[in-house]
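None of the figures in this text is laboratory data; all of them are computed from the coordinates on show. This one's a predicted model, so the numbers in the text were calculated from it and none came from an experiment. Using ideal geometry, Cβ is built from the backbone for each residue, glycine included, and neighbour counts are taken over all protein chains shown.
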Amino acid sequence: MEKVRFRKWMLMAVILLLLGLVACSPAGEEISMDEPDTPEGAPQAPPDDPIVEDPIMEDPIMDEPAPEPDARLSGRVVNGVREIEIEASQFEFTPDSIIVNQNEEVRLILTTADVAHGIGLSQFGINATVNPGETTMIEFTADTVGVFTFFCTVPCGPGHGAMTGQLEVI
Ligand SMILES: [Cu+2]
């Protein structure tokens, strides 16, 4: 029986020895645990979120005060003459404020919405009337810069005295 035990011990010793050799073999060293670290470089994706600055695409050009004098001018130029339509009524002119360029040929196209009215502006020799259903053309050269008041020249009612308008020559 002792021989059998001895063989078992020898067998165990041999097995342990073999296991020891296998464990020390260089093959086991190649099992690296570093690989999982590389994928972690991916977290660079989130930087896409902060790029929400697009809505700030407002035009800085809008701040520049572009001098556009023509935008203030009344009516429209037809064959070199600035035509401005004015409607008289009790007791106002519409529009009651017109703007033209200096030395510009101006043609006022006057009509009335109710009764007879007139328009007077001595600075430019203007003195005309308009009857219901009619159209009166008044032409003059705006040769003087300034702000001038024109007024109704036909007694048209209780508000007649305050029926005025303004011509600005720039
Ligand atoms: Cu009047």
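Before moving on, here are some points about what is shown:
- Estimated from the Cβ-Cβ distance and a Förster radius of 25 angstrom, the FRET efficiency linking Phe151 and Val77 is about 0.45.
- Förster radius 41 Å - calculated FRET efficiency between Val115 and Asp70, Cβ distance, rounded to 0.05: 0.70
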